[in-house]
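Working notes, structure below.
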Amino acid sequence: MIRNSTFRLWTMLILISCACSSPKPSNEMNAKINDLMTQMTLEEKIGQMNLYNGFWEVTGPVPQEGAAADKYQHLKQGYVGAMLNIHGVENVRQLQELAVNESRLGIPLLFGYDVIHGYKTLAPIPLAEAASWDLEAIQQSARVAAIEASAAGINWTFAPMMDISRDARWGRVMEGGGEDPYLGSKIAVARVRGFQGDDLSAVNTIAACAKHFAGYGFAEAGRDYNTVDIGTSTLYNMVLPPFKAAVDGGVRTVMNSFNVLNGIPATGNTLLQRDILKRSWGFDGFVVSDWASGNEMITHGFARDYSHVAELAANSGSDMDMESYAYVKHLKALVDSGKVDISVIDDAVRRILKVKFELGLFDDPYKYCDPDREKDLIYHEDHQKAVLDMAKKSMVLLKNETKLLPLSKEQQKIAVIGALANDKNSPLGSWRISSDDNTAVSVLEGLLSYTDQVTYIKGAELVTAETTFRHEAPINEIDKSGFGEAVTLAGKSDVVVMVLGEHGFQSGEGRSRTRLDLPGVQQELLEAVYEANQNIILVLMNGRPLAIPWAAENIPTILETWQLGSQSGNAIAQVLFGDYNPSGKLPMTFPRSVGQVPIFYNHFSTGRPDATEMVFWSHYMDESNSPLYPFGHGLSYTTFNYSDLTVEVTGSAEVDVQVAVTNSGQVAGEEVAQVYIRDVVASVVRPVKELKAFKKFSLDPGQSQTLEFKLTEKELGYYDNEGKFIIEPGKFEIMVGTSSVEGLTGEFVL
Ligand code: BGC
């Protein structure tokens, strides 16, 4: 599958250092758009605002019956602006030809697709990538995804998802950057740059889509599609910053979301789409709805019928309708009756045409339809290297108490246990609709490439039947018949590598959980094996933070590997054998129990945070308040010593921070230094800690480096409850260190 080819140039993983502000439409482009607009009928304009699903794959509830025939007809009539879930050069060309050759004005289509963490060659799931805190690597990973997707005819990805979430029960945390708006914003920008490059008209760049606007990650009780009801402080300071950063970084499209936000569905939300996004932030790309999210406004109790859906969505700034059929059926009558002003339609259509121009589709509608390019670039060897690199950087060493890791390369008997150890599908993770099943390197394969002293026994099945992206994973809750064999093997081995966690389709859309433990009989298997051999290295494979207090207490070594994509097993083996020193840090808090959720590091203080003899303080009777593993936590095979913190106020809103870091261990390693502040007294209370800067760097043993950070207005201010950004003078606390709970502290006064 891996091809070495002369097309290396195309795949050169050039890091793009672009200023990346939204491309302003040139005069020439404006003139062309004006010209086209004058030729378009109202129906054709509305057609541009219509996004249809393709004919084979679905990523939402199955479309209406008979829709396919309409779709072909509408394509020929010019009543379709974009398609989703069509991929592969041949398929894309076929439909593009219909639009270009058979419709009156021949306006080319956009082809959107969920290229979430790769097209065929898969990178780690986004939450795992976020754990790398390595913005260059994350950008490169999106670049690879764009190269492969564009080679398969796609010109628009529905990524990156930038929903901040504090709730590990929500299955879609796997798709985002975790719980923190600062880290989330940096990642959002890196991913947008990776997809879009610095020239959207290049053949290997695609339009990105910032989603889901907004608040989707705050679904009540972590249940997907559930209501979101949050205060303005959370909206402006937690939810919106990654979107603002992506808009400032030039993202060309934004997707709204399924949820109701404070009583108003996002798809019909004027405050979000018109006031904040378009007016205040000056976003000049277009907004697409989520899959039939327009129609869901009826179910929410916000719209009366499909016509009302079209009226509310269009007027509030949702420019393109995905799979609701509401615009194509009702917008014309709404314009005719004056309920939707023609200026609303014109504005939406201009935005959509602009993105098509920027992509170069008017110059060559078939530019993404080169079969040679497709053949040469899918599964390209360079892409495998890039995703391997990303995978290594994404792992987080949670615990290594007895220094079982790294494994010695000397002969020793290694038992490998757990269904996920020999699974070539789960490491690919969720949201990978174009990928080929069972194409990941398994952990077992990775280990066997190092040594033949490996014996594998499954111990127990994780799922009882094959599972797919569209259907839930049936978990084995009963069958423990394989335990005996696994325990016997463990007893005869020097060390046991247990690979446990979630099936690849246990997280993702529609996959919320009420429990965050090891699913099925895995916890029992772990405890049974522990009785026979305590030298266990627990390799976790999962799409969300887990609550594993027993393991954290008893198992000496725990490596979080998430779902690492195509090169999973190779990356894991390199870490286990010490050829790569783990450097990841948690982008999301791990709870002790699900009852603590939502648990996150940047919470507010209560009025009674400290333990007292009496019960009247903010706590649980049956669990501590602290997390199992905090945000920013991650160990290395070496140690880093922080010293000499200096903090100097250099302007009314400018602070210089310096800290020295020394590699105090025996091997080279990478560290992520993290800077947290607290605005001690503010007119709207501020969190007890907020990440405001970080740096990832590597040091040889004994080597020291002085790091410098500058905090400016952007980092020192916050949004008040009217959404106004303010900086208030007064005392700030600062902490610089290796995680959100460990570091040197100081203070400064603005
Ligand atoms: C998801 C979006 C996705 C869309 C199209 C929806 O169900 O929420 O994130 O882009 O489907 O596949």
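The values are calculated or read from the model by the stated rules, or taken from the named source; none is laboratory data. No experiment lies behind these values; they were computed from the predicted model shown. Neighbour counts are summed over all protein chains in view; Cβ atoms, including those assigned to glycine, are modelled from backbone coordinates with ideal geometry. All accessible areas refer to the heavy atoms of the entire protein, side chains included, with ligands and DNA or RNA removed. Shrake-Rupley method; radii C 1.70, N 1.55, O 1.52, S 1.80 Å.
Here are a few things to note about the model shown:
- Angle in degrees between helix 306-316 and the longest Cα principal axis of the chain, rounded to the nearest 10: 80
- FRET efficiency for Glu623 and Ala69, using Cβ-Cβ distance with R0 set to 56 Å, rounded to 0.05: 0.45
- Other residues with beta-carbon under 14 Å from the beta-carbon of Lys413 carry, at +1 per Lys or Arg and -1 per Asp or Glu, a net charge of -1.
- 1.4 Å probe accessible area per residue over the chain, in Å²: 36
- Stokes-Einstein D (µm²/s) once Rh is taken as the Kirkwood radius of region 640-749 over alpha-carbon pairs, at 4 °C in 1.567 mPa s: 88
- Taking trypsin sites (Lys or Arg not before Pro) across region 82-160, the ones in a DSSP loop with at most 13 further Cβ atoms lying within 10 angstrom of their Cβ are Arg104.
- Residue-averaged 222 nm ellipticity for the chain, from DSSP H runs of 4+ at -39500 (n - 2.57), nearest 500: -8000 deg cm²/dmol
- Neighbour cut-off at most 16 other Cβ (10 Å), DSSP loop, trypsin sites (Lys or Arg not before Pro), region 496-545: Arg515
- Centroid-to-centroid separation of region 235-254 and region 104-126 [C-alpha atoms, Å]: 21
- For region 590-672, the Kirkwood radius over C-alpha pairs fed into Stokes-Einstein at 4 °C and 1.567 mPa s yields D = 77 µm² per second.
- Residues of region 266-291 with an amide N closer than 17 Å to a point placed 7 Å from the Cα of Asp347 along the Cα-to-Cβ direction: 267-289.
- Summing charges over neighbours of Ser449, with a neighbour being any other residue whose Cβ is under 13 Å away from its Cβ, gives -2 when K and R count +1 and D and E count -1.
- Relative to the dominant Cα principal axis of the chain, helix 27-39 is inclined by about 50°.
- Spin-label model distance (nm) - Asp364 vs Lys492, 7 Å beyond Cα toward Cβ: 6.2
- Accessible surface of region 297-429 [probe 1.4 Å, protein heavy atoms]: carbon and sulfur percent: 49
- Per-peptide average of other Cβ atoms within 10 Å, ordering 411-422, 643-654 highest first: 411-422, 643-654
- Exposure check, 1.4 Å probe, all protein chains in place: Trp550 carries approximately 70 Å² of accessible surface.
- Taking the DSSP beta bridges with both ends in region 394-596, the antiparallel portion is around 20 percent.
- Rounded to 0.05, the FRET efficiency of the Glu97 and Met29 pair, given R0 = 30 Å and the Cβ-Cβ distance, is 0.80.
- Against the main long axis of the alpha-carbon atoms of the chain, helix 67-77 sits at an angle near 50°.
- Computed E for Asp198/Ile478 - FRET, C-beta separation, R0 51 angstrom, nearest 0.05: 0.40
- Radius, Kirkwood style, for the chain when every pair of distinct Cα atoms is counted (Å): 26.7
- Summary of the geometry: region 31-100 and region 538-559, compared by the centres of their Cα atoms, lie 47 Å apart.
- Highest mean packing comes first when the peptides 74-82, 250-258, 695-703 are listed by Cβ atoms within 10 Å, giving 250-258, 74-82, 695-703.
- Here each label is just a point 7 Å from Cα along the line to Cβ, and for Asp305 and Lys403 those points are 7.6 nm apart.
- Take every DSSP beta bridge whose two residues both sit in the chain; close to 55 percent of them are antiparallel.
- For region 723-743 versus region 392-441, the gap between their alpha-carbon centres in whole angstrom: 36
- Loop-located trypsin sites (Lys or Arg not before Pro) in region 277-373 (DSSP state other than H, G, I, E, B) with a sparse environment of at most 15 neighbouring Cβ atoms within 10 Å: Arg304.
- For region 394-596, the extents of the C-alpha atoms along the principal axes are 44, 32, 31 Å, listed from largest to smallest.
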